[in-house]
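What follows is a short report on a single structure.
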Amino acid sequence: WVVLTKDQRLRYRPLEISALRASNARVFVLTAGNLRGTEIADVFLEALPRIFRTLRSRPGPFVARVSQAGHVAIT
């Protein structure tokens, strides 16, 4: 599974983390707050090449941060 989210509090929810680990999910969390829906879409579109590179090079499960500039970093 690949998950795109803006829920930065995800890492503080043990049940959700357990579910993500059990499913081998690869999660990309947008770290920029207070963006409109179209702006969120623009950030993920900008990050898409980096997201695809990460997906090809890393098995799940993992959580990665996506910055407003479109940079991707595994946490």
All-but-one check, Gly33 against (1) among the small types (Gly, Ala, Ser); (2) loosely packed, with under 12 Cβ neighbours inside 10 Å; (3) modelled with pLDDT of 95 or more, failing number (3)
Taking region 45-69 and the residues there that are assigned to a helix (DSSP H, G or I) and more than 12 Å from the chain's Cα centre (by Cα), the one that is farthest from Val2 (Cα to Cα) would be Glu46
Note: among Phe62, Phe52, Phe44, Phe28, just one is of a type in the set (Phe, Trp, Tyr) and open to solvent by 60 Å² or more (accessible area, probe 1.4 Å), namely Phe52
Those residues of region 1-15 that are within 14 Å of the chain's Cα centre (by Cα) and assigned to a helix (DSSP H, G or I) come to a total of 4
Phe28 passes all but one of the listed conditions (1) without any contact (Cβ under 8 Å) to a residue 12 or more places away in the chain; (2) in a strand (DSSP E or B); the exception is number (1)
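The values are calculated or read from the model by the stated rules, or taken from the named source; none is laboratory data. Keep in mind it's a predicted model, so treat the numbers as computed, not measured. FYI the Cβ positions are ideal-geometry reconstructions off the backbone, even for glycines, and counts take in every protein chain you see. Calculation scope for accessible area: heavy atoms of the full protein, side chains included, ligands and nucleic acids excluded. Shrake-Rupley method; radii C 1.70, N 1.55, O 1.52, S 1.80 Å.
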